[in-house]
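Every number here is computed from the coordinates shown, using simple stated rules; none is lab data. The shown structure was predicted, so the numbers you read here are calculated from the model rather than taken from an experiment. Positions of Cβ are backbone-derived with ideal geometry, glycine not excepted, and every protein chain shown enters the neighbour counts.
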Amino acid sequence: MITLSGINKRHGHQILFVDGSLQLNAGEKVGLTGPNGAGKSTVFRMIVGEDPPDEGDVAMPKRVSVGYFKQDVGEMRGDSVINMTIAGSGRAGALHREVQQLEADMSDPEKADRMDDILARYGEIQGDYQDLGGYELEARAKEVLHGLGFDDEMIRGDVEALSGGWKMRVGMAQVLLGNFDVLLLDEPTNHLDIESIIWLEGFLRQTKSAVLMTCHDRDFMNRVVDRIIDVDDGQFVTYQGDYDFMMREQAVRATQKEAAFERQQAMIAKMKRFIDRFGTHVAKAAQAQSKQKKIDKIDRLEAPKKRELVAFQFREPPRSGDDIVKLKGVDKAYGAKRIYRGLDFEVQRGERWCVMGQNGSGKTTLLKMVAGQLKPDDGDVKLGSVKMGYFAQQSLDLLDTELTVYEQVDQRFHLESVGVKRNLLGAFGFSGDDHEKRVANLSGGEKSRLVLALMLFDPPNFLVLDEPTNHLDLDTKQMLVQTLEKFEGTMLFVSHDRTFLRGLANRVLDVSACADGGPPERYPGSYVEWVEKTGVEAPGVHL
């Protein structure tokens, strides 16, 4: 269906692809992986013609339609959410608008003199409109928007009133609604909560469209894709399986490459020792020369490259008291919308609570009240003797945009050695020239990594984390989970990443019923045990 062959591409001095080739077949689901900066988003732009290759061909049948979701959805204003969703859904949306206009024209007495042309055009497009599911378009749009977390009031509301994250969901809905032959999805889970992610998994598994996607959610990749294309040193390497299969296969291949490299190095070293010993020996000089010729002709294997973050030994936090935080009789509302009524909840030392709840149920509100960023309308929030670290997306705004990455760390920990600070940055994916990047030029994921590095270097004993893995790549997520597994303090967090939830939560708080005046549900076990008991990975979303 789509073929890239003999692709060469560079950005400035950076070489992205060297004679690379890949193919996407009808209906298959493919994950596109590779380290940051490898060129994954460039592949999407080459396919849609936004950034053609320097050399090589991008081939695609003319009638193939492509829906492309990217992180920059552009400006949205001047219409309702549902109308904007339909309007941006490709040919089906364009025909929907035209059908609506033609139907309005047919009932307009002032256009009676053009009625023959209007009826003719209406007849021309009805077949295509029906084939594309146009008469069910509004109902399908609502279904998709509900799946992505919109309630009916938001669906009818003005798209301009939405935050950037919700506008990204509208952009996603436009692509999913368009009935395209191919879906190109660049980090589709970035702005979704766990309920919407689980819904999207089901949608993509069932769609007849071919899917090519990048994603930093390991569970999502494993459940959706049946093939992986990994961007590795300018080449496309294919693995016939899911993400976990690729990881196992890469480990096997790395072991084989390392063994082959070591065998070759041992063989060369052995021949060199012979040459050094007998090169001037009359009887064996000819043999020595022969071995030298063999060495000169050997096709040298390169030392295997390893993708891994630098290990960093984080300090232990100071010990806290047993009582971390207590909420007693807490009420909170936004206007007429009540979030909590008489909420009682407490956290004890060593507990790691993950806060679950359907969209809009007040998970972030709870964390903000605990962190002192938001006052309850009534009731008390009392912190024990703790050193708190609070991470939220607003935390990124506290970085100094005038500084470089290294300067930001140096400003906070000026007395630490250069080596310690560089190791810290390396653990969070900043190496080499990355240290000199200006904070103003960092991506959202890079800023998140920097804030987490600053927080965990001198760790608090109570971490309050609101979606800490947003925008983080898979390697950094894994490192963060491994680091926090050893964390000696207490945690209260919201996350849509199931690897994070499984790895860290030893308590579950479901606040779904609180908005209706009910009590929260507390589960005194891990997230894994909660899933096994309830049969859901998120409230209201069944496995």
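The distance between label points at S163 and E50 comes to 2.4 nm (points 7 Å beyond Cα on the Cα→Cβ vector). Here the simple spin-label model places points 7 Å from the Cα toward Cβ, and for K293 and E143 these points are separated by 7.4 nm. Computed extension gain for Q256 through E416, at 0.36 nm per residue and net of the alpha carbon distance, reaches 53.6 nm. Using θ = phi - 60° and the Karplus form 6.51 cos²θ - 1.76 cosθ + 1.60, what ³J(HN,Hα) does each residue of region 439-452 get, whole Hz, x for Gly and Pro? Those phi angles translate into 4, 4, 9, 6, 6, x, x, 5, 5, 4, 4, 5, 5, 5 Hz. Where (i) 29.5; (ii) 26.9; (iii) 26.3 are the candidate values, the label of the one calculated here for Kirkwood radius over Cα pairs in Å is (ii).
The DSSP beta bridges internal to region 323-542 are antiparallel in roughly 55% of cases. Distance between Cα centroids, region 204-267 to region 114-189: provide it in whole Å. Between the Cα centres of region 204-267 and region 114-189 lies a distance of 34 Å. Taking amide H atoms as placed 1.01 Å from N in the peptide plane, the amide H of S65 lies under 5 Å from those of D181, V182, each 5 or more residues away in sequence or on another chain.
In this structure the amide hydrogen of S209, modeled in the peptide plane, comes within under 5 Å of no amide hydrogen from residues 5 or more places off or on another chain.
When only alpha carbons are used to place a centre, region 426-500 and region 329-365 end up 24 Å from one another.
Taking a 30 Å limit on the Cα-Cα distance, which of the listed pairs K9/K421; K257/K297; K9/K272; K142/K326 fall beyond it?
K9/K421; K9/K272; K142/K326
Per-peptide packing, taken as the mean over residues of other Cβ atoms within 10 Å, places 372-383, 234-245, 485-496 in the sequence 485-496, 234-245, 372-383 from highest down.
Sorting 86-95, 447-456 by average packing, meaning the other beta carbons within 10 Å per residue, from highest down gives 447-456, 86-95. Ordering N190, S80, L424 by the projection of their Cα atoms onto the charge dipole of the chain, which places +1 on the Cβ of Lys and Arg and -1 on the Cβ of Asp and Glu, puts L424 at the extreme positive end. What the phi angles of region 124-129 give under the Karplus curve with 6.51, -1.76 and 1.60, with θ = phi - 60°, is a coupling list of 5, 9, 4, x, 5, 4 Hz, glycine and proline written as x. A protection proxy built from the mean count of other Cβ atoms within 10 Å ranks the segments 71-80, 403-412, most packed first, as 403-412, 71-80.
Only Lys, Arg, Asp and Glu carry charge here, each on its Cβ (+1 for the first two, -1 for the last two); on that basis region 246-297 has a dipole of about 200 debye about its Cα centre. What does the charge count near G134 come to, summing +1 for each Lys or Arg and -1 for each Asp or Glu among other residues with Cβ under 13 Å from its Cβ? Net charge around G134: -3. Length gained on full extension, Q240 to A112, computed as 0.36 nm times the residue gap minus the Cα-Cα distance: 40.0 nm. Put simply, the amide H of F236, placed in the peptide plane, has neighbours under 5 Å in S21, leaving out anything fewer than 5 places away on its chain. Remark: the Cα gyration tensor places region 26-183 in the oblate category, a/c being 1.5 or greater and a/b not exceeding b/c.
N461 sits among other residues whose Cβ lies under 13 Å from its own Cβ, and their net charge, with Lys and Arg +1 and Asp and Glu -1, is -1. If R0 is taken as 35 Å, the Cβ-Cβ distance between E136 and D72 corresponds to a FRET efficiency of 0.70. A straight Cα-to-Cα reach below 12 Å connects K284 with the aspartates and glutamates D276, residues fewer than 8 places away in its own chain not being considered. Beta-bridge orientation, the chain: approximately 55 percent antiparallel, per DSSP, counting only bridges with both partners inside.
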